[in-house]
Amino acid sequence: MRTIFEKSTSGRRGVTLPRCDVPVVDTDGRSIPDRCKRTSPLNLCELSELDVVRHFTALSRMNFGVDNNLYPLGSCTMKYNPKVCERIAAQNGFSSIHPMMARLAGGHRHTQGALAVVHGLEGLLCRVTGMDAFTLQPMAGAHGELTGMMLIAAYHRKTGAVRREVLIPDEAHGTNPASAAAAGYAVRTVPTDTGSGLLDVEKLREITGDGTAALMMTNPNTLGLFNPRAAEIAEIVHSRGALLYCDGANMNAVMGKFRPGDCGFDVMHVNLHKTFATPHGGGGPGSGPVGVKAFLEPFLPTPRVVRVNAGDGLGYAFAPDDGYPDSIGPVAPFYGNFSVCLKAYAYILMMGGKGLLEASEQAVLNANYVMRSLLGFYEAPYPKTCMHECVLSAARQAEAGVRAVDIAKALIDRGFHPPTVYFPLIVKEALMFEPTETEGKEALDAFIGAMAEIAGIAASDPKSLHACPATTPVGRMDEARAAREMDVAFL
Ligand SMILES: *Cc1c(COP(=O)(O)O)cnc(C)c1O
């Protein structure tokens with residue numbers, strides 16, 4: 001496909017503006033100084049309106065999203081994002097307010113709805129997770145982790161403890177060690193017990209000490225396995241004066257079943273753009289709210305939205321920041337990604353508690369259906385009941401020269417998004433599937449059929465899979481070359 005610049009034709013216009021019918025004014029002192037004006041023409045492409053429409057329509061068809069087909073990218077919860085939530089977020093009363101309005105004197109009169117959304121969503125997330133208070137500011141899961149680590153650091157600083165180390169299991173999402181390191185901590189790995197696929201509790205008992213600031217734990221973990229010993233782990237961590245962080249990006253498996261706040265977790269983040277059905281990936285910005293137990297609430301980012309009873313009929317306002325002297329301060333401009341929060345709020349209200357519970361049950365059922373159906377075709381390092389995602393291995397196929405990446409590319413030719421591959425790192429040739437609850441049985445069966453077919457080809461004609469994908473505008477790329485031989489020269 002030609003680039004939009006290659007399609008450009010000199011002098012072609014998409015719009016024609018009417019002739020200016022007011023005098024051109026160069027206000028004294030306010031005009032742009034000559035030294036700031038460009039001397040060469042701006043190198044823009046010149047196209048008609050129809051050229052532009054065709055260009056972007058063609059681009060959109062090359063994209064793959066949840067709205068195209070099953071997107072089983074493990075650890076990403078690529079579930080369907082209900083369109084009604086987009087309608088709600090686009091309503092004028094929400095989309096036309098300015099983020100500064102609420103903080104101007106009297107401005108909260110005009111922003112009660114938005115403040116109610118912030119306060120209401122914080123409350124609902126507390127109910128889902130068992131935490132006592134939430135902040136909606138962090139703009140991604142990783143940003144939530146960093147915020148959580150900053151809260152933990154602020155707490156230890158306040159108590160006068162010097163603790164420099166954060167413990168992280170070896171199967172954790174890569175953002176966990178990165179966030180702990182970004183917050184200034186040294187990272188120490190806790191091994192996984194290879195038999196159970198769960199954190200090695202005895203090893204944890206051994207290495208947790210006076211220098212431990214926190215343990216970051218994901219439950220269910222990234223092998224899709226639930227750790228029933230969370231309360232015991234919390235006890236070990238707390239007995240040494242450390243705190244327990246929960247990476248809640250996998251909450252989709254346990255809504256209505258397990259609340260980290262009931263099991264000794266002190267801080268956690270959730271991913272609204274995974275569990276609570278707001279678009280992500282190429283489709284939209286994220287949001288990673290952070291919840292804490294009551295003793296950590298004073299450290300949360302400001303500003304805080306609170307309920308007020310001012311006698312003027314208005315129910316919500318920003319609390320004055322000076323009421324939070326221990327706060328770590330803002331971690332994002334304004335109040336986080338408000339429209340993402342609004343969509344998640346609408347989603348949670350639409351689902352209700354029972355709906356969220358059913359979503360988790362269905363997500364777990366779907367993942368187990370996929371795993372069981374593929375057991376005869378692929379190796380399973382942990383073939384027991386999984387949660388919302390399952391990890392298989394292409395180790396058997398690799399003996400014939402077909403690696404996980406070849407299977408991923410072959411799925412593209414069959415109309416499916418690939419699974420997560422080579423993660424978690426502790427599984428050889430890992431293929432990690434998360435079908436989510438929004439897929440029906442027909443879609444799952446079609447996907448299982450494609451995976452079975454690929455396993456057959458891997459056995460009979462392994463070399464042919466190296467040529468996949470063959471149906472896409474761009475074939476197999478060297479995925480690392482752009483980073484290694486960076487060329488950012490533009491025209
Ligand atoms: C997705 C994910 C994260 C990171 O979330 P982002 O929004 O991508 O920053 C962290 N941990 C786990 C387990 C995840 O699945």
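Descriptive notes on the structure:
- Likely footprinting exposure, M1, M101, fewest C-beta neighbours within 10 Å first: M1, M101
- Order of S31, S10, S48, S360 under a 10 Å beta carbon neighbour criterion, fewest first: S10, S31, S48, S360
- Cβ-placed point charges (K, R +1; D, E -1), dipole of the chain about Cα centre in debye, nearest 20: 840
- With both labels modelled 7 Å from their Cα along Cα-to-Cβ, the R372 to A116 distance reads 4.5 nm.
- Each of A105 and D487 was given a label point 7 Å from its Cα along the Cα-to-Cβ line. The distance between the two points is 6.0 nm.
- The range 302-436: Rg to Rh, with Rh as the Kirkwood radius over Cα pairs: 1.21
- Mean projection area, nm², convex hull over Cα of the range 359-474: 7.0
- Fraction of beta bridges assigned by DSSP in the range 83-348 that are antiparallel (%, nearest 5): 40
- Convex hull volume of the Cα atoms of the range 184-269, normalised per residue: 96 Å³.
- Rg and Dmax of the range 83-348, both derived from C-alpha coordinates alone, stand at 18.7, 62 Å.
- Spin-label model, D34/D193: points 7 Å from Cα along the beta carbon direction are separated by 7.9 nm.
- Assigned charges on the beta-carbon of Lys, Arg, Asp, Glu; the range 113-235 dipole about Cα centre (debye): 380
- Bridge type composition, the chain - antiparallel percent by DSSP, nearest 5: 55
- Pairs of Cα atoms nearer than 8 Å and 6+ residues apart set the relative contact order; for the range 359-474 it is 31 percent.
- The stretch between K158 and A186 holds 8.1 nm of extra length on full extension. This uses 0.36 nm per residue minus the Cα-Cα distance.
- Radius of gyration, Dmax [the chain; alpha carbons; angstrom]: 25.8, 81
- Net lengthening on full extension, R61/N92 (0.36 nm per residue, minus Cα-Cα): 8.2 nm
- Among L215, V290, G241 - extreme Cα towards positive end, dipole of the range 83-348, charges at beta-carbon: V290
- Magnitude of the charge dipole, the range 184-316, Cβ model with Lys/Arg +1 and Asp/Glu -1, debye to 20: 280
- Ordering P23, A443, S373 by the projection of their Cα atoms onto the charge dipole of the chain, which places +1 on the Cβ of Lys and Arg and -1 on the Cβ of Asp and Glu, puts P23 at the extreme positive end.
- The distance linking the range 126-196 with the range 224-292 is 11 Å (Cα centroid to Cα centroid, whole angstrom).
- Using only alpha carbons, the range 1-109 has a radius of gyration to Kirkwood radius ratio (Rg to Rh) of 1.11.
- Farthest positive-ward along the range 83-348 dipole, Cα basis, beta-carbon charges - from M255, G120, L151: G120
Any read-out appearing in this document is the output of simple, stated calculations on the displayed coordinates, not a laboratory observation. Please read all numbers here as calculations on a predicted model, not as lab measurements. Note: ideal-geometry Cβ built from the backbone for every residue, glycine included; neighbour counts use all protein chains shown.
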